[in-house]
Structure formats: structure tokens, C-alpha cells
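For reference, the structure discussed in these notes is given below.
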Amino acid sequence: MTGLLRADWLRFRKRRSIQVIVLAVPLLAAFLFLTGYGSVGEAPPTFDPVAVRAELIAQNYGLGLPPDELEQALDDAVEAQRFPIDQALEQYRLRLSSFAFPQSMVTLLGNGTFVLFAVLLLVATTLGDEFSWGTIRTTLLASSHRGRLMLLRLGVVTVIGVCLIVALAALGLVLPLVLSAIGAQFPATPAVNVGALGVLVLGTLEASLLIIAFGAMATLLVRSGSLTLVVLLVYVAIEAAILTVLLRFESFQDRGGLEWVLDAFPVRGISRLLDTAARVASGLPQFPGQPVPTDLGVTVVPLVALLLWAAVFLAVAFRRFTRMDIVE
């Protein structure tokens, strides 16, 4: 087992494509974080009621009105201009808050889809290339225990996925410090919901396990890493079609008795789980006045379903690998 682990480590370390995939996730997440901060722009000017009132008077606003009606009309006009400016300022603060620590942790971990795509590519590359390059027979000659070889290969990819999640969390700690060092000033931000943040991390990990299992199953079924993404796209289309049909029934619609069933589907479950956990963890609305969810109850079904789907996909992948004819 140790020899196989050492051989896989050498294989992973020497392949440029794997290095590019692994390094691309934190680099891309950091780039999007910094560019997102840069797109916030300058703070909108604060509302100055005196200046607005003077400008209205200079424009002959309410000309011809009696003095008492003019004062009321000016007050109403000033207040009418206050609301959009205050809303713009609040929206600016909300956007800027997502880049301040500890909200930055949620922002970076919200890029978990990068991790999912990376582990899928790793599985497709490391398993599929064995068939396309004709090295699968050599690998099996080194270790005839197919189940152990499969477990080790997927275990290495899982460890890489965990490391990528840790890297995103580390960037959430480091990047705000970098921005502060170059002069960024962040507003006061609410505390992060630690429990929801844990659910976000756990959900990303479970989603990674599901993607790894699905990628292994798909790659072994088609014997090609390049076709794995095609299989994934076909599955996404099939799930979308099924969900569209189910949503025609009232029981599957919002607040219906069977609405929870939809969250048990892999793609929808991943989206619902990560989105809900991230919003509850941050405690920030997407726009001023929007209610912030605080209930993590809707994440229970996806958390359980993802594990069950991963187990099913892994079982199919192991059965396929241990029984398939190797002719390459």
C-alpha cells in the first residue's frame, strides 16, 4: 500500500496538467476576489440635505407657491432624493463588507464550485489517461488488487480536494490583510455564523466526494477522461428535464408536501446546500431590505442525499473497475 501511495504521489507530482489544475483553483479564486473588490469602486457621496435644498431653490422649485406650501414641498422633494442616495450607500457598504474579514471567508469558500470542477478534472485525467495512454495494464501488473488501487487513487484526489478547500479558507484570511495593507478601508461587518460556515465547508466536501464518485463512474463506463465532461453535461440536462416535469405538480412546488424531494437530486442539492449555507453564514442581504435566511433546516436533505448518491456512484465505479476487461 505504501509503495502504491508513493508511486501515485510521483505520478501526480510530475504531471503538468495536474499541477495546473491544482494551482488554478486558488489563483482563480484570488483573482476573482481582488477584481471583485476593485469593481466596487468609490463610495457614493453622502446625502447633504442642505445642499439639495439650496439647489432646488436655485432651480426655482415650487415657484408661485405660498410660503407654507413651499416649505412642505421643499421638504418632500429633499426626502424624495434622500432615499436613492441612502440605498446606493447601503448597497456599497454591503458589497464592500463581503471582502472584509471574516466575511471574506464566506466569500472565498463560496467559490467551492471551482473545487468541484477541479476534482472532476483530476479524476477524469488520472483515470481516463490510463486507458488512452495504454498504461492501465502496467499499473495493474504493479498491483493486481484493483479495489485497493481504485481506493488509493480516489483517496489521493479527495485529499487534494480537501487541501483546495483549506487553501480557499486561507485566502479568506490573507487577502483582506493584503487589501488593508494597501489602504483599503472596510466598514464594520456582522459576525459570521460559525455553524453555517461549518455546514458550508462540510457541504463543499460532500459535493466534492459526490463529484469524485460520479467522475470515476463516468470515466470507467466510457473508458475515456475526455468524455467524462460530456457524460456530466448529459446528466445535468436529464436532471433539469426531470425537475421541470416535477415542478408542474403542485405538491413539488413551493411549500408543497414533496418540495423536499427536489433537493435530493445531486445538482439541485449541491446548489441549494451551498447557496443556503453561504447566505446564513454571512448574515448579509444581497440588497438593502432583503430578509436574511437563518434556517439551515433546508440543508439537511441535501447533506444526506449527497452522501447516498456518492455511495451509489462509488459502488458502481468499484464494481465496474473490478470486473471490467482490460484490453488496452
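The values are calculated or read from the model by the stated rules, or taken from the named source; none is laboratory data. What you see is a predicted model; the values in this text were computed from it and never measured. Neighbour counts run over all protein chains shown; Cβ positions are idealised from the backbone, glycine included.
List the helices (runs of 4 or more DSSP H) inside the range 26-144, counting only whole elements, that have at least 1 residues being acidic (Asp, Glu), under 30 Å from Thr322 (Cα atoms) and at pLDDT below 70.
Qualifying helices (runs of 4 or more DSSP H): 112-132.
Which of the residues belonging to the range 221-271 are outside any loop (DSSP other than H, G, I, E, B), exposed (fewer than 15 other Cβ atoms within 10 Å of the Cβ) and in contact (Cβ under 8 Å) with a residue 60 or more places away in the chain?
None - no residue of the range 221-271 is outside any loop (DSSP other than H, G, I, E, B), exposed (fewer than 15 other Cβ atoms within 10 Å of the Cβ) and in contact (Cβ under 8 Å) with a residue 60 or more places away in the chain, so the list stays empty.
In this structure, is Gly283 without any contact (Cβ under 8 Å) to a residue 40 or more places away in the chain and touching a helix residue (DSSP H, G or I) at 6+ places or on another chain (Cβ under 9 Å)?
no
Select, from Ala315, Ala240, Ala311, Ala264, the only residue that is farther than 27 Å from Leu151 by Cβ and small (Gly, Ala, Ser).
Ala240
For Lys14, which of the numbered conditions (1) at pLDDT 70 or above; (2) closer than 19 Å to Cys163 by Cβ fails to hold?
Result: Lys14 fails condition (1) only.
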